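> Here's a structure for you.
The values are calculated or read from the model by the stated rules, or taken from the named source; none is laboratory data. Predicted model, so just to flag it, every value in this text is computed and none were measured. Note that each Cβ is placed from the backbone with ideal geometry, even for glycine, and that neighbours are counted across all protein chains shown. Side chains included, ligands, DNA and RNA excluded: accessible areas come from the protein's heavy atoms. Shrake-Rupley method; radii C 1.70, N 1.55, O 1.52, S 1.80 Å.
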Amino acid sequence: MADGLSKPQRAFVVGVGMTKFERPKSKDWDYPDMAREAGEAALKDAGIPYSDVKAAVASYCYGEPTSGQRAVYELGLTGVPVFNVNNNCSSGSTALMMARRLVQSGIEDCVLAIGFEKMEGGLSERYTDRVSPVGRHMDHMVAIGADPGLIQPKMNRMTSDVIKLFAYAAREYMDLHPEVTVEELAKIAQKNRKQGENNPRASFQKAPDIQSITTKAMLCHPITFGMTAATADGSAAAIVCSENYVKQNGLENKAVEILAQHMVTDLPTSFGNSFQDLCGYSMAKLAAQRCYSDTGLTPADVQVFEVHDCFSCNELFMYEALQCAPEGRGLQMMKQSSWKPNKAGGQLLYLNNKWVFNPSGGLESKGHPIGATGLGQCAELVWQLRGEAGRRQVEGATVAMQHNFGIGGAAVVTMYRRYQPNIPQAHL
């Protein structure tokens with residue numbers, strides 16, 4: 001076990017699995033079915049038995065206590081500890097982070113992180129007889145200028161407030177940078193929808209035209225339905241192991257190292273005068289800075305990103321928070337971009353003619369099963385770094401970065417690299 005003077009052990013993802021993300025209530029299945037499919041796929045990908053798993057971390061938001069146990073019992077009854085985590089939309093990355101830390105500490109050498117969600121269509125809160133964990137955020141949103149009413153008369157309060165928060169953040173950004181228009185935000189969404197056509201696990205596999213994204217179903221200016229990530233049902237899983245386990249089991253060709261990973265919760269800036277900071281910009285920026293500091297890498301060393309595009313405006317914000325563009329210059333990345341084919345016959349948009357964001361199609365194409373989203377992003381980046389992404393493949397990808405955000409709040413940024421022996425350990 002690591003003590004206070006020991007360096008943390010390196011941690012590797014050696015197997016990933018993911019169901020197709022389905023629109024809520026469109027398929028007759030339940031969360032144990034989803035978890036079994038994703039978990040078995042991850043174990044098969046790694047080529048290991050479930051009996052090798054020493055602990056499991058399960059992420060979900062819409063479920064009863066100990067749903068994690070019920071889910072992993074589909075894989076076996078081995079008596080392993082199961083930790084249930086809930087961090088809103090960043091729950092999946094939280095599970096991955098806990099699995100990594102169990103491995104880094106030397107306590108366990110093989111841990112399953114698994115996320116799943118069976119949703120009802122929109123977002124909701126079940127316990128309304130007590131203080132809402134996001135109530136402070138939504139109250140502050142109104143205090144700094146948001147309309148207190150519902151954005152749509154038939155929409156519930158939670159769904160309305162989340163859309164409104166990002167809509168006001170987008171308005172704030174557009175006021176500061178008038179060159180950013182509804183049409184420009186729609187182009188980000190269309191990019192993701194077009195890349196999602198290559199993803200057989202995505203909820204939406206046909207890209208709407210730019211006119212439809214720009215004008216159809218305006219939810220709260222400037223956000224239209226086509227710029228949103230719809231909720232979904234589904235599961236994703238990752239097997240996280242130590243370097244000794246990787247070597248003992250001959251998994252070097254499967255292993256992708258989690259080079260760095262940081263979670264940042266709300267800062268004083270979250271409750272300042274900026275809608276953008278209230279929906280996680282400063283948190284993501286600090287988490288990314290810490291990852292770059294840990295690794296000695298810069299954005300120039302990264303080829304592929306999966307970011308939390310719950311709304312297309314948030315992807316724009318992340319171009320800057322992850323330091324790919326100076327503040328206020330994120331739109332220039334889209335303007336300086338080109339579609340390039342890969343060897344499998346797919347096409348990807350290279351922003352600044354350098355980076356690919358959300359080759360999976362992002363949340364806007366895949367859908368957003370809250371507890372599974374972060375692990376779905378992890379799976380995509382593992383496939384990318386192994387060269388297994390098919391028509392979505394970013395050619396020559398060696399380093400990847402992931403951003404996952406949950407209101408309430410937590411921003412998790414993770415950096416990955418294909419296995420390399422004998423390199424300095426990343427910091428905890």
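> Can you confirm whether residue 188 is of a type in the set (Val, Ile, Thr), touching a residue at least 12 places away in the same chain (Cβ under 8 Å), on the phi < 0 side of the Ramachandran plot and assigned to a loop (DSSP other than H, G, I, E, B)?
Answer is no for this residue.
> A further question follows. Out of segment 101-123, which residues are in contact with a Ser or Thr (Cβ under 7 Å, 6 or more places away or on another chain), open to solvent by 30 Å² or more (accessible area, probe 1.4 Å) and modelled with pLDDT of 95 or more?
Answer for segment 101-123, where residues must be in contact with a Ser or Thr (Cβ under 7 Å, 6 or more places away or on another chain), open to solvent by 30 Å² or more (accessible area, probe 1.4 Å) and modelled with pLDDT of 95 or more: just 109.
> Let me ask something else about it. Can you name every residue in segment 289-348 that is hydrophobic (A, V, I, L, M, F, W, C), open to solvent by less than 10 Å² (accessible area, probe 1.4 Å) and more than 24 Å from residue 169 (Cα to Cα)?
Within segment 289-348, 291, 302, 304, 348 qualify.
> For segment 33-144, give me every one of the helices (runs of 4 or more DSSP H) that falls completely inside it and has 2 or more residues that are over 30 Å from residue 168 (Cα atoms).
67-72, 91-104
> Taking segment 396-423 as the search range and keeping residues that are outside any strand (DSSP E or B) and more than 11 Å from residue 304 (Cβ to Cβ), which one is modelled with the lowest pLDDT?
Here the answer is 423.
> How many of the residues in segment 208-229 are at pLDDT 95 or above, outside any helix (DSSP H, G or I) and aliphatic (A, V, I, L, M)?
4
> Continuing with the same structure: So residue 383 passes all but one of these: (1) open to solvent by 10 Å² or more (accessible area, probe 1.4 Å); (2) over 20 Å from the mean Cα position of the chain (by Cα); (3) closer than 20 Å to residue 198 by Cα. Which condition number does it fail?
(2)
> Looking at (1) outside any loop (DSSP other than H, G, I, E, B); (2) open to solvent by 60 Å² or more (accessible area, probe 1.4 Å); (3) touching a helix residue (DSSP H, G or I) at 6+ places or on another chain (Cβ under 6 Å); (4) of a type outside the set (Phe, Trp, Tyr), which is the one condition that is false for residue 148?
(1)
> Still on this structure, I have one more. In segment 61-73, which residue that is touching a residue at least 40 places away in the same chain (Cβ under 8 Å) and open to solvent by 20 Å² or more (accessible area, probe 1.4 Å) is nearest to residue 407 (Cα to Cα)?
Ranking the qualifying residues of segment 61-73, first place goes to 61.
> If residue 54 passes every condition in (1) surrounded by fewer than 24 Cβ atoms within 10 Å (Cβ to Cβ); (2) basic (Lys, Arg); (3) under 26 Å from residue 280 (Cβ atoms) but one, which one does it miss?
(3)
> For the subset of segment 1-50 comprising residues that are touching a Gly at 6+ places or on another chain (Cβ under 7 Å) and of a type in the set (Ser, Thr, Tyr), which member is least open to solvent (accessible area, probe 1.4 Å)?
Of everything passing the filter in segment 1-50, 19 is least open to solvent (accessible area, probe 1.4 Å).
> Among 231, 269, 265, which is open to solvent by 10 Å² or more (accessible area, probe 1.4 Å), touching a Pro at 6+ places or on another chain (Cβ under 8 Å) and among the β-branched types (Val, Ile, Thr)?
231
> Related question: Kindly indicate which of 215, 181 is open to solvent by 10 Å² or more (accessible area, probe 1.4 Å) and in contact with a strand residue (DSSP E or B) (Cβ under 8 Å, 6 or more places away or on another chain).
Exactly one residue qualifies, and that residue is 215.
> Only residues in segment 268-280 that are acidic (Asp, Glu) count as the first member; pair them with residues that are at pLDDT 95 or above, Cβ under 9 angstrom, at least 6 apart or cross-chain, and list the lot.
277/169; 277/267; 277/269; 277/270; 277/271; 277/283
> Out of curiosity, is residue 359 in contact (Cβ under 8 Å) with a residue 24 or more places away in the chain and either within 20 Å of the chain's Cα centre (by Cα) or open to solvent by 20 Å² or more (accessible area, probe 1.4 Å) (or both)?
Yes, satisfied.
> Something else about it: Considering only segment 173-188, state which residues are within 15 Å of residue 211 (Cβ to Cβ) and in contact with a Cys (Cβ under 8 Å, 6 or more places away or on another chain).
Within segment 173-188, just 185 meets the criteria.
> Among the residues of segment 124-145, how many are open to solvent by 50 Å² or more (accessible area, probe 1.4 Å) and among the β-branched types (Val, Ile, Thr)?
Residues that pass the stated criteria total 3.
> Given the conditions (1) closer than 30 Å to residue 251 by Cα; (2) open to solvent by less than 60 Å² (accessible area, probe 1.4 Å), and given that residue 155 satisfies all but one, which numbered condition is not satisfied?
(1)
> Does residue 162 count as out of contact with any Ser or Thr (no Cβ under 8 Å at 6 or more places or on another chain), within 19 Å of residue 11 (Cα to Cα), among the β-branched types (Val, Ile, Thr) and open to solvent by less than 30 Å² (accessible area, probe 1.4 Å)?
no
> Another question, then. If you go through segment 330-349 one residue at a time, do you hit one that is without any contact (Cβ under 8 Å) to a residue 40 or more places away in the chain and either under 16 Å from the mean Cα position of the chain (by Cα) or closer than 19 Å to residue 166 by Cα (or both)?
yes
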